[in-house]
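Student: Take a look at this one; I'll ask things after.
The values are calculated or read from the model by the stated rules, or taken from the named source; none is laboratory data. Owing to the predicted nature of the structure, the values given are computational and were not obtained by experimental measurement. Using ideal geometry, Cβ is built from the backbone for each residue, glycine included, and neighbour counts are taken over all protein chains shown. We work out accessible area using only protein heavy atoms, side chains counted, and drop any ligands, DNA or RNA first. Shrake-Rupley method; radii C 1.70, N 1.55, O 1.52, S 1.80 Å.
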Amino acid sequence: SVSNPNVILLMADDLGIGDLGCYGNRTLRTPNIDRLAKDGVTLTQHIAASPLCTPSRAAFLTGRYPIRSGMAAHSRVGVFLFSASSGGLPSEEITFSKLLKQRGYSTALIGKWHLGMNCESSNDFCHHPLNHGFDYFYGITVTNLRDCKLGQGSVFLKGIGKSLATSIEIIGITLVSLAAVHLIGFLKIPFRALCYCLLITAVSLAALFFFFYNYRYLNCFLMRNHQVIQQPLSYENLTQRLTKEAVQFIGRNTNAPFLLVLSYLHVHTALYASKKFIGKSKHGLYGDAVEEMDWSVGQILDVLEKSNLNSKTLVYFTSDHGAHLEEISSSGEVHGGYNGIYKGGKSTNWEGGIRVPGLLLWPGVIEASTYIDEPTSNMDIFPTVIKLAGAELPSDRIIDGHDLMPLLQGKIIQSKHEFLFHYCNAYLNAVRWHPRNSDSVWKIIFFTPNFNPEDSNGCYDSHVCFCSGRSVTHHDPPLLFDLSRDPEEKVPLTPEMESRFYEILQVIQQEVNNHTKSLHAVPDQLSWDNLLWKPWLQVCCSSLFQSCYCDYE
């Protein structure tokens with residue numbers, strides 16, 4: 001194979017494995033992504049290291065479980081929601097972009113980052129892509145959210161609406177009761193204290209309202225390198241702009257090795273598509289967005305062909321985790337994707353949350369139209385591209401991914417992942433075991449999310465499922481499935497149905513103990529302190545009085 005090949009890594013956001021033609025979808029048109037499958041390898045058991053954006057992307061870039069880098073939350077919120085949070089991918093972490101840059105590669109990240117930006121001031125850029133080995137960045141540092149696009153509703157109101165309403169009710173009832181008790185003369189409460197309580201409540205609510213009303217201006221902006229170039233972000237021809245940036249980057253580097261990470265904003269809500277794609281698919285705006293993303297993938301493949309770079313470029317396509325089933329618009333239109341036969345979706349460790357597309361293309365090096373059903377991980381890209389670039393794997397830390405090339409080239413037939421650990425934030429949720437010389441893929445699940453409504457396939461009341469407390473049910477003994485016989489996780493096995501039940505649990509438990517021993521305490525990047533909005537970290541393109549507005553695009 002070619003030494004120092006170019007590397008193009010394409011990552012969709014919230015795309016379901018069942019959304020693509022090459023994984024069985026019959027109504028959405030994805031001819032370009034399907035080309036990757038036809039001319040390359042399809043991984044049918046490709047697993048995201050986490051069912052949420054931030055931790056999955058941290059694992060992807062570092063080849064390590066997110067718990068190792070502090071990118072797995074102990075609190076309920078598992079991702080960054082504000083541009084002015086202080087958490088992010090620690091600079092001590094080694095990304096594949098850092099190592100490829102050291103090997104003389106030109107490196108670019110185009111699209112979504114979602115791994116933090118600043119630590120102590122609004123321009124220290126400690127977590128910024130340019131501090132993690134990328135020479136060039138054009139995109140957004142947080143994520144695309146409903147709140148970023150006018151008329152698309154609010155994720156926050158959907159997620160915290162119920163708790164907020166309850167809190168306001170409780171405060172209201174308390175204040176009215178205190179006033180009543182005071183008037184009856186039952187209890188003397190200083191009038192001033194009552195007024196202060198009212199004032200504090202009113203100011204807090206006003207501040208909250210002001211912040212969320214201006215969320216779009218403060219958090220949804222487009223950057224080129226360290227500079228904000230559009231605040232708030234405009235969705236007008238956004239995919240075309242990202243694609244053009246990617247094509248130009250390839251054009252600038254036809255004679256030297258390059259790494260391009262094109263991290264699409266599609267198909268996370270707020271959904272959008274350009275005029276050419278609106279209303280063209282059979283699945284509303286969601287389908288339009290998928291088909292527009294597919295067009296973009298086609299543009300990248302075409303430019304490789306035109307520049308004669310096909311035979312020296314490895315192309316990979318995936319999604320950061322499963323489709324977000326609870327995404328339904330205010331008018332009732334389905335705004336989330338499809339996870340095929342698999343149960344659950346984003347934010348859960350049922351297969352629907354973590355089994356993602358995994359397509360690899362490298363003409364002449366990887367055999368065309370090949371299917372690999374072995375367990376693989378999005379952490380495997382790290383050692384794969386490091387090795388291809390002739391770099392050394394870091395020896396001072398555990399790398400959880402394995403080089404995919406021996407499997408892709410048919411030199412081995414069994415994945416090096418005998419075990420894979422599935423975390424829900426910082427909590428070990430499930431483990432899969434693919435014993436050597438066996439077709440079985442055992443998966444044990446320590447706790448499951450409580451779906452609501454109960455007979456549904458997600459947590460529709462809270463918009464996502466959570467990982468602890470009353471949101472989950474713990475199982476002792478854990479639930480056991482054999483995914484080779486029951487990929488839909490329909491029927492948990494019992495000791496009566498599976499004679500080796502306790503033996504399997506014992507083997508996995510031993511491996512869990514070894515894994516847990518390998519973990520070291522690191523700062524929690526998603527602690528409340530690191531998650532909360534910090535005014536002094538706020539990036540503002542103009543001034544607060546102008547709502548930070550600017551547009552250099």
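Student: Being surrounded by fewer than 24 Cβ atoms within 10 Å (Cβ to Cβ) and either part of a helix (DSSP H, G or I) or touching a Pro at 6+ places or on another chain (Cβ under 9 Å) (or both) is the filter here; which residues of the range 21-35 pass it?
Tutor: Gly21, Cys22, Tyr23, Pro31, Asn32, Asp34, Arg35 - these are the residues of the range 21-35 that are surrounded by fewer than 24 Cβ atoms within 10 Å (Cβ to Cβ) and either part of a helix (DSSP H, G or I) or touching a Pro at 6+ places or on another chain (Cβ under 9 Å) (or both).
Student: Here are some residues: Cys148, Cys197, Cys126. Which one is touching a helix residue (DSSP H, G or I) at 6+ places or on another chain (Cβ under 8 Å), of a type outside the set (Asp, Glu), within 26 Å of Ser527 (Cα to Cα) and surrounded by 11 or more Cβ atoms within 10 Å (Cβ to Cβ)?
Tutor: Working: Cys197 fails: within 26 Å of Ser527 (Cα to Cα); Cys126 fails: touching a helix residue (DSSP H, G or I) at 6+ places or on another chain (Cβ under 8 Å).
Answer to the selection: Cys148.
Student: Return yes when Pro55 is open to solvent by less than 10 Å² (accessible area, probe 1.4 Å), in contact (Cβ under 8 Å) with a residue 40 or more places away in the chain and not in a loop (DSSP other than H, G, I, E, B) and no when it is not.
Tutor: Values: open to solvent by less than 10 Å² (accessible area, probe 1.4 Å): yes; in contact (Cβ under 8 Å) with a residue 40 or more places away in the chain: yes; not in a loop (DSSP other than H, G, I, E, B): yes.
Answer is yes for this residue.
Student: If you don't mind, there's one more thing I want to ask. Please verify whether Leu262 is in contact (Cβ under 8 Å) with a residue 60 or more places away in the chain, in the same structural domain as Lys112 (by the TED database) and assigned to a strand (DSSP E or B), treating the condition exactly as stated.
Tutor: yes
Student: Going through Ile412, Ile504, Ile444 one at a time, which residue ends up being closer than 20 Å to Pro51 by Cα, of a type in the set (Val, Ile, Thr) and either open to solvent by less than 30 Å² (accessible area, probe 1.4 Å) or in a loop (DSSP other than H, G, I, E, B) (or both)? Show your work before the answer.
Tutor: Details: Ile412 fails: closer than 20 Å to Pro51 by Cα; Ile504 fails: closer than 20 Å to Pro51 by Cα.
Only one candidate qualifies: Ile444.
Student: Hand me the list of strands (runs of 3 or more DSSP E) wholly inside the range 287-401 holding 3 or more residues that are open to solvent by 10 Å² or more (accessible area, probe 1.4 Å). If you could, list the steps in order and put the result at the bottom.
Tutor: Details: elements: 313-319, 355-361, 370-372.
Result: 370-372.
Student: To continue, here is another question. Which numbered condition trips up Thr143, out of (1) more than 18 Å from Val539 (Cβ to Cβ); (2) touching a helix residue (DSSP H, G or I) at 6+ places or on another chain (Cβ under 7 Å); (3) surrounded by fewer than 24 Cβ atoms within 10 Å (Cβ to Cβ)?
Tutor: Among (1) more than 18 Å from Val539 (Cβ to Cβ); (2) touching a helix residue (DSSP H, G or I) at 6+ places or on another chain (Cβ under 7 Å); (3) surrounded by fewer than 24 Cβ atoms within 10 Å (Cβ to Cβ), Thr143 violates only (1).
Student: Let me ask something else about it. Any chance the range 517-534 includes a residue that's open to solvent by 60 Å² or more (accessible area, probe 1.4 Å), of a type in the set (Ser, Thr, Tyr), in the same structural domain as Asn118 (by the TED database) and over 30 Å from His226 (Cα atoms)?
Tutor: no
Student: Being open to solvent by less than 10 Å² (accessible area, probe 1.4 Å), hydroxyl-bearing (Ser, Thr, Tyr), in contact with a strand residue (DSSP E or B) (Cβ under 9 Å, 6 or more places away or on another chain) and in contact (Cβ under 8 Å) with a residue 40 or more places away in the chain narrows it down to one of Ser97, Ser106, Ser85, Ser69, so name that one. Full working, then the answer.
Tutor: On the way: Ser106 fails: open to solvent by less than 10 Å² (accessible area, probe 1.4 Å); Ser85 fails: in contact with a strand residue (DSSP E or B) (Cβ under 9 Å, 6 or more places away or on another chain); Ser69 fails: in contact with a strand residue (DSSP E or B) (Cβ under 9 Å, 6 or more places away or on another chain).
None of the other options fit; the residue is Ser97.
Student: A further question on this structure: Test of understanding: among Leu407, Leu480, which residue is modelled with pLDDT of 95 or more, open to solvent by less than 40 Å² (accessible area, probe 1.4 Å), at negative phi and more than 26 Å from the chain's Cα centre (by Cα)? Break it down stepwise before answering.
Tutor: Working: Leu407 fails: more than 26 Å from the chain's Cα centre (by Cα).
None of the others qualify; the one that does is Leu480.
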